Amino acid sequence: MEANVARAERSLALLTTTFLANTESVKANIALVLDTILSQNLFTYMGAAEVSADTAKRYSSAIHKWLARINSLATGKTSESRMAGVLLIKHTAQQSPQLFAENVGKWTTVLVGVLGKAEITPVVEAVLQTLLAFVDAVRDIPMLHREIVSAQVPRINQAILVLADKNPDLTGPVLQMLEHMATWFPKLFRPSIDKTAALCLRLLDGSASRASAELCAQAAQCLAALSLAGGRVASEERWFEYVQQAVGTIQQCIDRIMCAETGDSVQSAFALPELADNFVIAIPQAADRISAMADVLVALLTQPTAEDVSVPVDAILGAASRLALVPVRAASSKMARAELDVVPVLAPQIQRASVRIMAALAISLGSLMHPYLSAVARAATAIGTQQISSAATRVALHNLLQLYIERYAYGFVVHLPYDLITTAVGEICVYQRSQAPPPTLEIVSSKKRSGSGKARGGSALSDETAPVAHLRWDDTTLAAQATVLALLLHTPTMLTSALRTQIDSQVLTLLMLYAIGGIETPFATRESDVPYKVQLLRCLEASLLSPDPWQRAIVPHAVAVFNASQNDPSPRVRAASAAALVAIDPIIHSRLPAQLREPDTEENISEEKQVARMVAASDDSVSIEAVLAGTQLDSPSDDDNEEMQDADGSTDHAKRFRREELETNVSMPAANTRPLTGHLPATNLLSTPVDPQPSLSQPSQPAAATEPAVSPPAPRFDPAKQLAKPKPLAKPKAAPSNDDDDDDDDIPDIVMEGSDSEDE
């Protein structure tokens, strides 16, 4: 630590006395000084322990000289010096919290004074960024609120508002600063609400929507932040008022575009300049104003509020629906007016504004949008009309459909017309084979002899006239793939079998052609094609994970595609294919499911089967607890063996069944069972030999029935005998055969009463 502090002291002294000595040195070496500060952390040793008093004193002296020099640079005579001073103050404060707390008051005063002077734009931007960082840090330090927040924040607000009027190039940084001030200190910002709102509305009148869309979005965010400040009215009332004024402004613009008269029932609107009388200027200006008001509604709906607000969903959704229908009504209008001829040019801009409003409603309201999903579906259908929609409109529509499908699933899809879903599926097909124009001089005549020796004439087309494969990627294709993916993940049963087959064929065709290099296009070489490949792989994975009952087996083809994609040069494609292989692994190995515990022992399995047979053989009046209580898991007793031997006495070599054992039901495959009556036949029902004394420690082998089972009537149940020990089914004795003795080696000897062996 001692060496580090000494090194920092020497570096600070060198920077202060050499590289920041005069204006020329500052201008030439400011980059070196900043890099040294950031890389060596020269201000992190303030108050360090285990340092000698002499070293600490020299380090403090070097820091004192550094602070004096950067304060002098911040108030220098040249712009280069002031720029260097502001940057050095910012990085010094960020690296040492102790120096920041000790000097923030002085630094803030110096920076606010720079704002009041005529300064170049880069210096003012640096000052605004530094002040914003200071105010953000002071919010978490209560002891500095009185010195910095209460004293400096109102001055900062007034200074930056004046700065926005003087220098239009600083409008963006000023709006960002005002937005944060209104959000962090709403009470202190109330005196500046009116001036800030006027500044925002100057940018939201449509003049900046097309020239600077980002600036217009910043103005909308700043206006939404003003609703939190309150003032003469409560914050929730101001929020509701801004929403109504934005909707009213949109309604006025729609009336102007459609050449409709504005009635007295129109809601209040923002105080914006009137539209021009010339429709060539007025209608595009109205469309730009609609886009700006859409940004305001989006900002208001997505702005977090401390209090509950009342959202006029009907009014907002009504305005969005009218915007979606503007191109349709203009195309079907019977009025012969020149104003309506301008509408098709502005249709994409108007419909995209409608899409943004409906998307903001879904994001902000969540499940509260369920009663309005049918209205959203109707508006989406109007936007999706093929005759008037453009590529940009279709991209926005697919994004809207994807959002609503992911959030509301079947609740939204049931309201969509099936033609809209079919159109989305059709737009993912980008592989087309077209015939080249008929050849003129490219025909090559040839004569060949057939097998009979006769000459035959023919013509062959050159390679330029052969069918050409076209593969075209665009934003519409990617958006349509995202919509289809959402359908497969969230609402797979809404797709018919024919549509599922079409999706699978299109996706597999593209991926397999890519895997084998079957098309001579930039498909496999351009890095811009990677998002489309990844989306196709995800669509195929979703189709496999939610299969249709009547869907063709595409698993082998999909596995081949995923394996081939593992060798793709793009890491994103390889990652997507690897994730798909992991997801479909249970489908490929369906006979080997994942086990969360170790397999059970054979003894426990045999005992479980024994209990199950006993429960099946028990009467309904006997509980399972009684069966388990009477279960004996030891070996068969002598009495049981005698009973088993006494059961062998029939002259037809068939084993008699005890009355207690007759109610045991033997389950056979459904294909081999049919009801029969009569006695048990004397044929051998089991293809494997039966142990006369089966052990409970070994699992019983399943019997393959060659004849149907007999289900005799259930006799009276005797709990004393039935619960003591389960009796296995007896096997009828097979008819005597004249085979050699070697054939009997595999069959265990069964001692039965009255057998031929005992008679001998």
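Right, K106: open to solvent by 50 Å² or more (accessible area, probe 1.4 Å), more than 29 Å from Y45 (Cα to Cα) and not small (G, A, S) or not?
Working: open to solvent by 50 Å² or more (accessible area, probe 1.4 Å): yes; more than 29 Å from Y45 (Cα to Cα): no; not small (G, A, S): yes.
Answer is no for this residue.
Given the structure, is E274 among the charged types (D, E, K, R), within 24 Å of A198 (Cβ to Cβ) and either open to solvent by 10 Å² or more (accessible area, probe 1.4 Å) or part of a helix (DSSP H, G or I) (or both)?
Yes; evaluated as a whole, the condition is true for this residue.
In the stretch 150-163, what residues are open to solvent by less than 10 Å² (accessible area, probe 1.4 Å) and either of a type in the set (A, V, I, L, M, F, W, C) or not in a helix (DSSP H, G or I) (or both)? Please lay out each step first, then the result.
The first filter runs over the stretch 150-163 and keeps only residues open to solvent by less than 10 Å² (accessible area, probe 1.4 Å), leaving 153, 156-157, 160.
Within the stretch 150-163, V153, I156, I160 qualify.
Hey, does the stretch 377-388 have a residue that's in contact with a helix residue (DSSP H, G or I) (Cβ under 8 Å, 6 or more places away or on another chain), loosely packed, with under 12 Cβ neighbours inside 10 Å and at pLDDT below 90?
Taking every residue of the stretch 377-388 in turn, at least one turns out to be in contact with a helix residue (DSSP H, G or I) (Cβ under 8 Å, 6 or more places away or on another chain), loosely packed, with under 12 Cβ neighbours inside 10 Å and at pLDDT below 90.
Within the stretch 245-262, can one find any residue that is surrounded by fewer than 18 Cβ atoms within 10 Å (Cβ to Cβ), in a helix (DSSP H, G or I), touching a residue at least 40 places away in the same chain (Cβ under 8 Å) and in contact with an Asp or Glu (Cβ under 9 Å, 6 or more places away or on another chain)?
Looking for residues that are surrounded by fewer than 18 Cβ atoms within 10 Å (Cβ to Cβ), in a helix (DSSP H, G or I), touching a residue at least 40 places away in the same chain (Cβ under 8 Å) and in contact with an Asp or Glu (Cβ under 9 Å, 6 or more places away or on another chain), one finds none in the stretch 245-262, hence no.
Tell me the residue from D165, D136, D205 that is within 41 Å of the chain's Cα centre (by Cα) and more than 23 Å from Q95 (Cβ to Cβ), please. Steps first, answer last, please.
Working: D165 fails: within 41 Å of the chain's Cα centre (by Cα); D136 fails: more than 23 Å from Q95 (Cβ to Cβ).
Answer to the selection: D205.
For the stretch 229-244, name all the residues that are free of Cβ contacts under 8 Å to residues at least 12 places away in the same chain and farther than 27 Å from S291 by Cβ.
Within the stretch 229-244, R232, V233 qualify.
Give me a count of the residues in the stretch 568-590 that are surrounded by 14 or more Cβ atoms within 10 Å (Cβ to Cβ) and of a type in the set (D, E).
1
Give me the pairs, please: first residue somewhere in the stretch 331-347 and open to solvent by 40 Å² or more (accessible area, probe 1.4 Å), second residue anywhere and in a loop (DSSP other than H, G, I, E, B) and at pLDDT 75 or above, beta-carbon distance under 6 Å, and either six or more positions apart or on two chains.
R337/C259
Just to verify a result, which residue in the stretch 348-370, among those that are open to solvent by less than 20 Å² (accessible area, probe 1.4 Å) and β-branched (V, I, T), is nearest to C253 (Cα to Cα)?
I350
Can you tell which of D308, D295 is within 29 Å of the chain's Cα centre (by Cα) and part of a loop (DSSP other than H, G, I, E, B)?
Residue meeting the stated conditions: D308.
Inside the stretch 1-50, can you point out the residues that are in contact with a helix residue (DSSP H, G or I) (Cβ under 9 Å, 6 or more places away or on another chain) and among the hydroxyl-bearing types (S, T, Y)?
S11, T16, T17, T18, T23, S25, T36, T44, Y45 - these are the residues of the stretch 1-50 that are in contact with a helix residue (DSSP H, G or I) (Cβ under 9 Å, 6 or more places away or on another chain) and among the hydroxyl-bearing types (S, T, Y).
Condition first: assigned to a loop (DSSP other than H, G, I, E, B), closer than 22 Å to L14 by Cβ and open to solvent by 10 Å² or more (accessible area, probe 1.4 Å). Can you find one or more residues in the stretch 50-68 that meet it?
Filtering the stretch 50-68 for residues assigned to a loop (DSSP other than H, G, I, E, B) gives 50-52.
Filter once more, keeping what is closer than 22 Å to L14 by Cβ: 51-52.
Remaining after also requiring open to solvent by 10 Å² or more (accessible area, probe 1.4 Å): 51-52.
For the stretch 50-68, residues assigned to a loop (DSSP other than H, G, I, E, B), closer than 22 Å to L14 by Cβ and open to solvent by 10 Å² or more (accessible area, probe 1.4 Å): present.
Of the numbered conditions (1) of a type outside the set (S, T, N, Q); (2) open to solvent by less than 60 Å² (accessible area, probe 1.4 Å); (3) over 16 Å from V135 (Cβ atoms); (4) within 35 Å of the chain's Cα centre (by Cα), I193 fails exactly one; give the number of that condition.
(4)
The values are calculated or read from the model by the stated rules, or taken from the named source; none is laboratory data. What you see is a predicted model, and the numbers here were worked out from it, not measured in a lab. Don't worry about glycine lacking a Cβ; one is built from the backbone with ideal geometry, like all the others, and counts go over all protein chains shown. Quick note on the areas: whole protein, heavy atoms, side chains included, nothing else; ligands and nucleic acids left out. Shrake-Rupley method; radii C 1.70, N 1.55, O 1.52, S 1.80 Å.
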